Amino acid sequence: MAADKPHQLYMKKPTEHHHLCRVTTPKGRLSYPFIFEPSEGDDGKKKYRCQLLVPKQNKNGEDIDYKKIHTAIRNCKTIVWGKDKTKWPKKIANPIRDGDTDEGFQMEKKLKSGKTVMVPRPEYKGMWVISASSNEQSKPVVVDRDEEIIDSPADVYPGCYARLSLMAQEWTYMKKTGIMFVLDGVQKLADGEPFGDKKNPKDMFKEALSDEDLEDIEELEGDEDDEDSDDDEDEAPKSKKKKRPVDDDEDEDDSDDEEDSDEDLDDEDSDDDDEDEEEPPRKKKASSKKKRPVDDDEDDDDDE
(Lines give C-alpha, C1' and ligand atoms only; values in the text may rest on other atoms or scores of the structure.)
Protein backbone atom coordinates (compact mmCIF):
# COMPACT_ATOMS: atom_id res chain seq x y z
CA MET A 1 0.00 0.00 0.00
CA ALA A 2 1.26 3.42 -0.93
CA ALA A 3 0.26 4.83 2.47
CA ASP A 4 2.53 2.32 4.25
CA LYS A 5 5.65 3.49 2.44
CA PRO A 6 7.82 6.43 3.52
CA HIS A 7 7.52 9.36 1.13
CA GLN A 8 9.34 12.59 0.46
CA LEU A 9 8.07 15.74 2.14
CA TYR A 10 8.22 17.79 -1.05
CA MET A 11 5.96 15.26 -2.76
CA LYS A 12 3.06 16.41 -0.59
CA LYS A 13 3.88 20.10 -0.22
CA PRO A 14 5.54 22.74 -2.42
CA THR A 15 9.31 22.33 -2.63
CA GLU A 16 9.91 25.94 -1.62
CA HIS A 17 9.20 24.98 2.01
CA HIS A 18 11.58 22.07 2.43
CA HIS A 19 14.49 24.38 3.34
CA LEU A 20 12.62 25.12 6.59
CA CYS A 21 13.16 21.52 7.59
CA ARG A 22 16.93 21.53 7.08
CA VAL A 23 19.36 21.78 9.97
CA THR A 24 23.03 21.30 10.79
CA THR A 25 23.57 19.73 14.18
CA PRO A 26 26.10 20.84 16.79
CA LYS A 27 29.11 18.68 17.53
CA GLY A 28 28.37 15.21 18.85
CA ARG A 29 29.77 11.69 18.84
CA LEU A 30 29.01 9.22 16.05
CA SER A 31 27.52 5.83 16.76
CA TYR A 32 26.78 3.03 14.29
CA PRO A 33 28.07 4.99 11.29
CA PHE A 34 26.99 3.05 8.19
CA ILE A 35 27.83 5.97 5.94
CA PHE A 36 30.15 4.39 3.39
CA GLU A 37 28.16 1.23 2.74
CA PRO A 38 24.39 0.83 3.32
CA SER A 39 23.03 -1.62 5.89
CA GLU A 40 19.71 -3.41 5.97
CA GLY A 41 17.06 -1.81 8.18
CA ASP A 42 14.02 -3.19 10.02
CA ASP A 43 11.94 -2.81 6.87
CA GLY A 44 14.37 -4.99 4.90
CA LYS A 45 15.65 -2.09 2.83
CA LYS A 46 19.30 -1.09 2.63
CA LYS A 47 20.00 2.39 3.94
CA TYR A 48 22.85 4.64 4.94
CA ARG A 49 22.45 5.46 8.62
CA CYS A 50 24.09 6.73 11.78
CA GLN A 51 23.38 8.12 15.23
CA LEU A 52 24.71 11.31 16.76
CA LEU A 53 25.03 11.53 20.53
CA VAL A 54 24.77 15.08 21.94
CA PRO A 55 24.94 15.90 25.68
CA LYS A 56 21.83 16.91 27.59
CA GLN A 57 23.71 19.32 29.80
CA ASN A 58 26.76 21.55 29.56
CA LYS A 59 29.73 21.48 31.91
CA ASN A 60 27.88 23.70 34.38
CA GLY A 61 25.00 21.23 34.62
CA GLU A 62 22.61 23.42 32.64
CA ASP A 63 20.21 21.90 30.10
CA ILE A 64 21.20 22.51 26.50
CA ASP A 65 18.42 23.80 24.26
CA TYR A 66 18.82 22.39 20.76
CA LYS A 67 16.43 24.95 19.36
CA LYS A 68 17.40 24.64 15.70
CA ILE A 69 16.84 20.89 15.68
CA HIS A 70 13.43 21.14 17.35
CA THR A 71 12.46 23.98 15.02
CA ALA A 72 13.18 21.84 11.94
CA ILE A 73 11.00 19.05 13.36
CA ARG A 74 8.16 21.45 14.21
CA ASN A 75 8.29 23.04 10.76
CA CYS A 76 8.00 19.62 9.17
CA LYS A 77 4.94 18.79 11.28
CA THR A 78 3.31 22.10 10.43
CA ILE A 79 3.91 21.67 6.69
CA VAL A 80 2.51 18.14 6.69
CA TRP A 81 -0.40 18.37 9.17
CA GLY A 82 -1.06 22.09 9.41
CA LYS A 83 -0.81 24.66 12.17
CA ASP A 84 -3.67 23.23 14.19
CA LYS A 85 -2.01 20.74 16.54
CA THR A 86 -5.38 19.18 17.40
CA LYS A 87 -5.42 17.71 13.91
CA TRP A 88 -1.99 16.13 14.26
CA PRO A 89 -1.74 12.36 14.79
CA LYS A 90 -1.90 11.34 18.45
CA LYS A 91 1.41 9.49 18.29
CA ILE A 92 4.23 10.90 16.22
CA ALA A 93 7.57 9.08 16.34
CA ASN A 94 10.47 11.41 17.09
CA PRO A 95 13.98 11.11 15.55
CA ILE A 96 15.45 12.23 18.88
CA ARG A 97 15.46 9.71 21.71
CA ASP A 98 16.58 9.69 25.34
CA GLY A 99 19.82 7.82 25.88
CA ASP A 100 19.03 7.28 29.58
CA THR A 101 15.53 5.80 29.28
CA ASP A 102 15.09 4.36 25.78
CA GLU A 103 15.15 0.57 25.91
CA GLY A 104 17.19 0.38 22.74
CA PHE A 105 20.17 1.99 24.49
CA GLN A 106 20.14 -0.03 27.70
CA MET A 107 22.11 -3.02 28.92
CA GLU A 108 21.81 -5.57 31.72
CA LYS A 109 23.77 -5.03 34.93
CA LYS A 110 24.06 -7.59 37.71
CA LEU A 111 24.00 -6.13 41.22
CA LYS A 112 25.89 -7.52 44.22
CA SER A 113 22.61 -8.89 45.52
CA GLY A 114 22.37 -11.03 42.39
CA LYS A 115 19.51 -9.03 40.94
CA THR A 116 19.72 -7.94 37.30
CA VAL A 117 18.64 -4.43 36.31
CA MET A 118 18.62 -2.44 33.07
CA VAL A 119 20.95 0.56 32.91
CA PRO A 120 21.93 2.91 30.07
CA ARG A 121 24.99 1.94 28.10
CA PRO A 122 28.01 4.07 29.12
CA GLU A 123 28.29 5.95 25.83
CA TYR A 124 24.55 6.81 25.83
CA LYS A 125 24.28 7.96 29.43
CA GLY A 126 23.33 11.63 29.69
CA MET A 127 22.88 11.95 25.92
CA TRP A 128 20.20 12.78 23.38
CA VAL A 129 20.40 10.37 20.46
CA ILE A 130 19.66 11.78 16.99
CA SER A 131 18.99 9.09 14.36
CA ALA A 132 19.34 9.78 10.63
CA SER A 133 19.24 7.71 7.45
CA SER A 134 18.98 7.92 3.68
CA ASN A 135 18.03 5.40 1.01
CA GLU A 136 20.49 3.30 -0.95
CA GLN A 137 20.42 5.69 -3.90
CA SER A 138 21.26 8.75 -1.76
CA LYS A 139 24.73 8.24 -0.33
CA PRO A 140 25.66 10.97 2.17
CA VAL A 141 28.67 13.18 1.62
CA VAL A 142 31.47 12.58 4.16
CA VAL A 143 34.04 15.35 4.67
CA ASP A 144 36.64 16.50 7.19
CA ARG A 145 36.98 19.86 8.95
CA ASP A 146 38.40 21.41 5.78
CA GLU A 147 35.45 19.99 3.78
CA GLU A 148 37.76 17.59 1.97
CA ILE A 149 36.15 14.30 0.96
CA ILE A 150 36.88 11.31 3.25
CA ASP A 151 37.02 7.96 1.45
CA SER A 152 38.39 5.71 4.17
CA PRO A 153 35.86 4.17 6.61
CA ALA A 154 38.68 3.81 9.17
CA ASP A 155 38.79 7.60 9.52
CA VAL A 156 35.15 7.85 10.63
CA TYR A 157 34.43 5.40 13.45
CA PRO A 158 32.07 5.04 16.44
CA GLY A 159 33.17 7.57 19.04
CA CYS A 160 34.72 10.23 16.81
CA TYR A 161 33.31 13.77 16.90
CA ALA A 162 31.21 14.99 14.01
CA ARG A 163 28.16 16.97 12.99
CA LEU A 164 25.39 16.12 10.55
CA SER A 165 23.53 17.89 7.75
CA LEU A 166 19.90 16.79 8.03
CA MET A 167 16.43 17.38 6.67
CA ALA A 168 13.29 16.55 8.66
CA GLN A 169 10.75 14.44 6.78
CA GLU A 170 7.44 12.76 7.60
CA TRP A 171 7.07 9.01 7.19
CA THR A 172 4.19 6.53 7.38
CA TYR A 173 4.66 2.78 7.72
CA MET A 174 2.42 -0.01 9.04
CA LYS A 175 -0.22 2.46 10.28
CA LYS A 176 2.46 4.34 12.21
CA THR A 177 3.71 7.80 11.45
CA GLY A 178 6.51 10.04 12.59
CA ILE A 179 9.31 12.43 11.71
CA MET A 180 12.68 11.19 10.52
CA PHE A 181 15.92 12.92 9.60
CA VAL A 182 17.25 12.38 6.10
CA LEU A 183 21.04 12.11 6.24
CA ASP A 184 22.57 14.47 3.67
CA GLY A 185 26.12 14.71 4.95
CA VAL A 186 28.62 13.97 7.73
CA GLN A 187 31.49 16.22 8.74
CA LYS A 188 34.15 14.74 11.00
CA LEU A 189 35.45 17.32 13.43
CA ALA A 190 37.89 15.46 15.67
CA ASP A 191 39.07 12.05 16.84
CA GLY A 192 37.63 10.58 20.01
CA GLU A 193 37.80 7.51 22.21
CA PRO A 194 36.26 4.67 20.19
CA PHE A 195 33.10 3.14 21.62
CA GLY A 196 33.29 -0.41 22.92
CA ASP A 197 36.55 -2.40 22.85
CA LYS A 198 37.60 -1.13 19.45
CA LYS A 199 40.56 1.18 19.07
CA ASN A 200 41.24 3.86 16.55
CA PRO A 201 43.62 2.33 13.96
CA LYS A 202 45.55 5.60 13.80
CA ASP A 203 46.24 5.57 17.54
CA MET A 204 47.19 1.91 17.98
CA PHE A 205 50.94 2.55 17.57
CA LYS A 206 50.96 6.31 18.02
CA GLU A 207 52.63 6.29 21.43
CA ALA A 208 56.40 5.86 21.40
CA LEU A 209 57.99 3.13 23.49
CA SER A 210 58.97 4.34 26.95
CA ASP A 211 62.47 3.97 28.39
CA GLU A 212 61.17 1.20 30.65
CA ASP A 213 59.77 -0.68 27.66
CA LEU A 214 63.10 -0.38 25.86
CA GLU A 215 64.97 -1.61 28.94
CA ASP A 216 62.62 -4.57 29.22
CA ILE A 217 63.22 -5.42 25.58
CA GLU A 218 66.99 -5.21 26.04
CA GLU A 219 66.79 -7.45 29.11
CA LEU A 220 64.75 -9.99 27.18
CA GLU A 221 67.23 -9.93 24.31
CA GLY A 222 70.10 -10.28 26.80
CA ASP A 223 68.43 -13.25 28.46
CA GLU A 224 67.99 -14.91 25.08
CA ASP A 225 71.67 -14.35 24.24
CA ASP A 226 72.71 -15.77 27.62
CA GLU A 227 70.55 -18.82 27.08
CA ASP A 228 72.04 -19.34 23.63
CA SER A 229 75.60 -19.00 24.96
CA ASP A 230 74.84 -21.38 27.83
CA ASP A 231 73.48 -23.88 25.35
CA ASP A 232 76.60 -23.53 23.22
CA GLU A 233 78.86 -23.99 26.24
CA ASP A 234 76.93 -27.03 27.35
CA GLU A 235 77.06 -28.60 23.94
CA ALA A 236 80.68 -27.73 23.11
CA PRO A 237 82.43 -29.69 25.91
CA LYS A 238 80.25 -32.68 25.26
CA SER A 239 81.17 -32.70 21.62
CA LYS A 240 84.86 -32.27 22.41
CA LYS A 241 84.89 -35.04 24.98
CA LYS A 242 83.18 -37.40 22.66
CA LYS A 243 84.71 -36.53 19.34
CA ARG A 244 88.38 -35.83 20.00
CA PRO A 245 89.37 -38.97 21.91
CA VAL A 246 87.04 -41.13 19.90
CA ASP A 247 88.34 -39.85 16.59
CA ASP A 248 92.00 -40.30 17.61
CA ASP A 249 91.45 -43.74 19.02
CA GLU A 250 89.43 -44.80 16.07
CA ASP A 251 92.13 -43.60 13.66
CA GLU A 252 94.85 -45.39 15.61
CA ASP A 253 92.76 -48.50 16.04
CA ASP A 254 91.87 -48.51 12.38
CA SER A 255 95.50 -48.15 11.33
CA ASP A 256 96.60 -50.82 13.80
CA ASP A 257 93.84 -53.11 12.64
CA GLU A 258 94.89 -52.65 9.03
CA GLU A 259 98.52 -53.34 9.85
CA ASP A 260 97.62 -56.33 11.95
CA SER A 261 95.35 -57.70 9.26
CA ASP A 262 98.14 -57.39 6.67
CA GLU A 263 100.64 -59.00 8.97
CA ASP A 264 98.30 -61.86 9.77
CA LEU A 265 97.93 -62.59 6.08
CA ASP A 266 101.68 -62.60 5.47
CA ASP A 267 102.90 -64.72 8.31
CA GLU A 268 101.84 -65.50 11.83
CA ASP A 269 105.45 -65.25 13.05
CA SER A 270 105.75 -61.69 11.82
CA ASP A 271 103.79 -60.58 14.87
CA ASP A 272 106.46 -62.04 17.16
CA ASP A 273 109.22 -60.42 15.14
CA ASP A 274 107.51 -57.08 15.30
CA GLU A 275 107.10 -57.39 19.03
CA ASP A 276 110.80 -58.22 19.38
CA GLU A 277 111.79 -55.34 17.19
CA GLU A 278 109.62 -52.89 19.17
CA GLU A 279 110.90 -54.02 22.58
CA PRO A 280 114.74 -53.55 22.07
CA PRO A 281 114.55 -49.80 21.33
CA ARG A 282 112.70 -49.26 24.58
CA LYS A 283 115.34 -51.27 26.48
CA LYS A 284 118.18 -49.56 24.69
CA LYS A 285 116.90 -46.11 25.56
CA ALA A 286 116.49 -47.05 29.15
CA SER A 287 119.87 -48.86 29.34
CA SER A 288 121.73 -46.18 27.45
CA LYS A 289 120.73 -43.58 29.98
CA LYS A 290 121.82 -45.78 32.86
CA LYS A 291 124.81 -47.56 31.28
CA ARG A 292 126.59 -44.66 29.65
CA PRO A 293 128.56 -43.73 32.74
CA VAL A 294 129.11 -47.39 33.45
CA ASP A 295 130.32 -48.09 29.92
CA ASP A 296 132.75 -45.18 30.14
CA ASP A 297 134.31 -46.57 33.31
CA GLU A 298 134.52 -50.02 31.89
CA ASP A 299 136.20 -48.68 28.81
CA ASP A 300 138.70 -46.85 30.96
CA ASP A 301 139.40 -49.97 32.90
CA ASP A 302 139.89 -51.89 29.70
CA ASP A 303 142.32 -49.28 28.45
CA GLU A 304 144.32 -49.54 31.62
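Summary of computed values
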read-out	value
Amide hydrogen neighbours beyond the local backbone of residue 100, cut-off 5 Å, H modeled	126, 127
Across 83/175; 56/85; 56/87, pairs whose alpha-carbon gap is larger than 24 Å	56/85; 56/87
Accessible area (Å², 1.4 Å probe, nearest 10) - residue 34	90
Estimated vicinal HN-Hα couplings, Hz - region 148-159 in sequence order (Karplus 6.51, -1.76, 1.60; Gly, Pro = x)	8, 5, 9, 9, 8, x, 5, 7, 10, 10, x, x
Where Rh is the Kirkwood radius over Cα pairs, Rg/Rh for region 31-188	1.00
Amide proton proximity set for residue 121, modelled H, under 5 Å, gap of 5+	106, 107
Cut-off under 5 Å, modelled amide H: who pairs with residue 177 long-range	93
Which listed pairs, of 27/91; 59/125; 90/125, have C-alpha distances above 22 Å, in listed order	27/91; 90/125
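The values are calculated or read from the model by the stated rules, or taken from the named source; none is laboratory data. Everything numeric in this text was worked out from a predicted model, so none of it was measured. These area figures cover heavy atoms from the full protein model, side chains too; ligands, DNA and RNA do not enter into them. Shrake-Rupley method; radii C 1.70, N 1.55, O 1.52, S 1.80 Å.
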